1. Ordered by residue, what ³J(HN,Hα) values in Hz, to whole numbers, does the range 15-22 give under the Karplus form 6.51 cos²θ - 1.76 cosθ + 1.60, where θ = phi - 60° and Gly and Pro are x?
2. Could you tell me the relative contact order of the range 174-347? Use alpha-carbon pairs under 8 Å, at least six residues apart, and round to a whole percent.
3. Could you list which residues have their amide H under 5 Å from that of Ser39, counting only those 5 or more apart in sequence or on another chain, with H placed in the peptide plane?
4. Can you bin the range 178-334 into rounded, prolate or oblate? Criterion: square roots of the alpha carbon gyration tensor eigenvalues sorted a ≥ b ≥ c, rounded for a/c under 1.5, prolate for a/b above b/c, oblate for the rest.
5. Could you derive backbone 3J(HN,Hα) for the range 282-288 from the dihedral phi with the Karplus parameters 6.51, -1.76 and 1.60 (θ = phi - 60°), listing whole Hz in sequence and x where the residue is Gly or Pro?
6. Can you give the extra length, in nm with one decimal, that the chain gains between Ser28 and Leu114 once fully stretched, where that is 0.36 nm per residue apart less the Cα-Cα distance?
7. Identify which of Ala95, Ala334, Ala220 has the largest mean-square fluctuation in a Gaussian network model of the chain, with springs joining Cα atoms closer than 10 Å.
8. Taking only Cα atoms, what is the 0 to 90° angle, nearest 10, from helix 353-367's long axis to the longest principal axis of the chain?
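The numbers here are math on the coordinates, done by the rules we state, and not lab data. Here the structure is a predicted model, which is why all the values come from computation and not from measurement. Cβ sites come from the backbone with ideal geometry, for glycine too, and all protein chains shown count toward neighbours.
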Amino acid sequence: MKSHRILIACGGSGGHLAPGIALAEELSGRGYQPVLFVSSKAVDRQILAKYPPWPVFFLPAIPFSKKLWTFPRFSYLQFISFIQTFHFLSRSPAAAIIVTGGFTSPPVALAGFLKKIPIFIHESNRIPGKVTRHLARLAQRVYMPSEWAMGRTSPSWQRRFKPMGYPLRSEFFSPEAIPQESFPKNDEKGLSFLLLGGSQGAWALNRWFGEHVEELVPLAGHWVCVTGQSYYEEYGEDLRKIRQKHPSVEFLPFCEHMPLLLAEADLVIARAGAGSIAECLHCEAPMVLVPLPSSADDHQQANAAWVQALGCACVVRQENLDLLLPLLRWLHAATGILQHMRRKIRDRAKADVRRLIADDMVASIDGA
């Protein structure tokens, strides 16, 4: 009997976990049984808490670091994660494996390859990560943005490469996710600005907001800052003081209703992760992006440049962070720019990426 189990290695960060959840939702609706292989990081447990009780396997793998003394532990935990996955597959065969990049992907993909299970890769960013580049030769399909094919032109590569965007979770497609009455929002309460400082490497945005809060508050009738749990706990007292002095500013450690938050925002200030960009585009939210300078291969800058070229965002390099406040002042004064950006977003064709990926996967699995 053919297995309907599908392993999804997607842990380590929200950017890797969210597309895995989206694909798990789509595939489970088609009768498949997703099993999520994630990291032991708190962010994975926090995000998964609101989703259906799919089987979840926590791997001990840790991120790669350039610090030489961490390499033995990294290698050991990658090996242990591989052994655990291989043992799992020996007891519970799977129809396919999906990996979304990051440090949980290699042990799962290698175990699946040795078990002769079809491997599928989803790459979110405009520049493919090292994991994608190294695992691509093991994959039956590589789903990634169309303009990047890692320099491969051979027929065998072209058969594996499939241009795809970012799959969104079901909450972004629910009727209440983006209430139509939210637009237009330039009413007597003023603009609503959303700052996403809770992603990896975004503490700089939280600190920047705290340093310039007196100048930023007049620019919007409502500020929402998603700080991330660790920043919220460490600087909670400072945030409470700001909130007490400026009731129009709201701080959240984490948001479980991101579609609604994005739909209510006239402008989003964030890093340039592929997930944040895809969610803003879907919710028609103009963006000011500050790419993470330490992102691998500077992929966040490539993500930001792409969406800026579409006319949907402005980009500020972190080394030029002093330009962010003047830019926001300009956008506040010239509200027609925000409306123009929103129209550019609305003009883009929307695709149900997770359905397209699932269609291709299922056809590939059934044809195997």
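1. x, 8, 6, 4, x, x, 5, 4
2. Numbers: 264 pairs, mean separation 35.4, N = 174.
Reported as a whole number, the value is 20 percent.
3. Hits under the 5 Å cutoff: Gly11, Gly12, Leu59.
4. On the way: a/c = 1.37, a/b = 1.10, b/c = 1.25.
Rounded.
5. Each residue of the range 282-288 in turn: 5, 8, 6, 9, x, 10, 10 Hz.
6. Gain in length upon complete extension: 28.4 nm.
7. So, out of Ala95, Ala334, Ala220, the one fluctuating most is Ala334.
8. 0
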